[in-house]
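What follows is a set of notes on a single structure, which appears directly below.
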Amino acid sequence: MDIIDRTLIFELSKNCRISFTDLATKLKISTNEVGSRIRQMVNDRLILKFTVVPSPLIFGNDAFLFFRSNIPLVTERVTLLGVQSCVEYISMSKDHTEGFAMIHYRNEDDLSDLLNHFGQFHKNFIDLRIFRLQRSPSAIHPYPEMRGTHVFEKVDWLILSHLREQGRLSIQELSIRTKIDVEVIADRLYFLRQAGLIDETIYINPAQSKKESFTVFCLTLDLLTQLLQEELEWELREKFKGSFWKSWRVIDYQVLIIGFLCSSYSEIDKVHNFLSDLAGLKSIESIMGGVTYFFPDFRDEILEEKRTHGWFSPEQWVELS
């Protein structure tokens, strides 16, 4: 992967339905090159899926679960952990002894059930911690009533049932499959997007590139303010131009989590050294990711519930490979 591939992944993670033409304009390359690069990443299984799904933030909040084990977690054990409905994905280090999970939870009971589930199916954890994440200002909708499934219309569930599995289906193809007018689909997708009710994103497995890993750095600071976070993010953009990274602020603690897509141990060390020089830093911890396993979460359960309880007729449901 080079800087163009990483930028494509970043843009697709924000909007998997963006056109190749718009991507070409953003990156100042040809549309043919955009298509060729994306197809290659799909063929290499670096990009696993384009998907559109109800945003977890309308149901609750996000969290990271960090873990370490004194024995490697085999694939079957990871699969058992991922069955829990709050887990979206689990990313494992190369030796499968540490990693992290992205969690979507609706209430404190969900988090308690999650910890019990992980403890039940793997007895060899030597470290198991949950960090609840604050919403970024852009993720906070100005209208509190725009949360929960009641804001979705019946037609929305039908549209999402198809886009969940194939997020880049054209509106014309959606119209054929759902028997809904093109104009209606376009209007509903526009509304859902503007209201922050859907995530249009991609699933990636960095380890498929044989070099990439998504490493998470957990920073504990004396004082963490919104201004300090913004200043740090600006410095990261300047220092690591072309790198793919995200940051999350933790609830109740002076902790900032920064995830970097790194291609070598030297790059991980470079990021670590830069972050170690931050003023007011009390401690820094890195958790290696790599091979990433994605799982259905409670949003899939909601989609299935709407499908099976007469929200739309069974003949309109198309099983997508």
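Since every read-out is calculated from the coordinates, none of them should be taken as a lab result. All figures in this text were calculated on a predicted structure; none of them were measured in a lab. All Cβ positions, glycine included, derive from the backbone under ideal geometry; neighbour counts span all protein chains shown.
Over the chain, what is the mean sequence separation of C-alpha contacts under 8 Å (at least six apart), divided by residue count, expressed as relative contact order in percent?
Taking the mean separation of contacting Cα pairs over the length of the chain, I get 27 percent.
Could you tell me how many degrees, from 0 to 90 and to the nearest 10, lie between the Cα long axis of helix 108-121 and the main elongation axis, the longest principal axis, of the Cα atoms of the chain?
70
Let me have the relative contact order for the range 1-158, percent, based on Cα pairs under 8 Å that are six or more residues apart.
24
Treat each spin label as a single point 7 Å out from the Cα along the C-beta direction, and report the Arg129 to Thr225 distance in nm.
2.5
For every other residue with a beta carbon closer than 12 angstrom to the beta carbon of Glu235, add +1 if it is Lys or Arg and -1 if Asp or Glu, then tell me the sum.
Working: positive: Arg237, Lys239, Lys241; negative: Glu230, Glu231, Glu233, Glu238, Asp277.
Combined, the nearby Lys, Arg, Asp and Glu give -2.
Just need the relative contact order of the range 153-269 here, percent rounded to a whole number, with Cα pairs under 8 Å and 6+ apart.
23
Rounded to the nearest Å, what's the spacing between the alpha carbon centres of the range 172-209 and the range 215-265? Just the number, please.
One Cα centre to the other: 30 Å.
More than 19 Å apart: what percent of Cα pairs in the range 213-289 qualify? Please list the in-between numbers first.
Numbers: 801 of 2926 pairs.
When all Cα pairs of the range 213-289 are counted, 27 percent exceed 19 Å.
Find the centroid of the Cα atoms in the range 81-104 and in the range 33-65, then give the distance between the two in whole Å.
If you average the Cα positions of each part, the centres end up 16 Å apart.
Quick one: Debye curve from the C-alpha atoms of the chain, no solvent, what's log10 I(q)/I(0) at q = 0.10 Å⁻¹?
So the normalised log intensities are -0.62.
How high is the FRET efficiency between Thr31 and Phe240 when r is their beta carbon distance and R₀ equals 30 Å, given to the nearest 0.05?
Approximately 0.60, to the nearest 0.05.
By how many nm would the segment from Thr21 to Asp113 lengthen if fully extended, with 0.36 nm per residue of separation less the alpha-carbon distance?
Numbers: separation 92, 0.36 × 92 = 33.12 nm, distance 4.50 nm.
Residue separation times 0.36 nm, minus the Cα-Cα distance, leaves 28.6 nm.
For the Cα atoms of the chain, what angle does the longest principal axis make with the long axis of helix 226-239, in degrees from 0 to 90, nearest 10?
Orientation of helix 226-239: about 90 degrees from the principal axis.
Residues with beta-carbon under 9 Å from that of Leu219, excluding Leu219: net charge, scoring Lys, Arg +1 and Asp, Glu -1?
Charge balance near Leu219 sits at 0.
At q = 0.31 Å⁻¹, what log₁₀ I(q)/I(0) does the range 3-43 have when each alpha carbon counts as one equal point scatterer in the Debye sum?
Log10 of I(q)/I(0), two decimals: -1.27.
Summing +1 for each Lys or Arg and -1 for each Asp or Glu, what net charge is found among the other residues whose Cβ lies under 12 Å from the Cβ of Asp297?
Overall, the nearby charge balance is -4.
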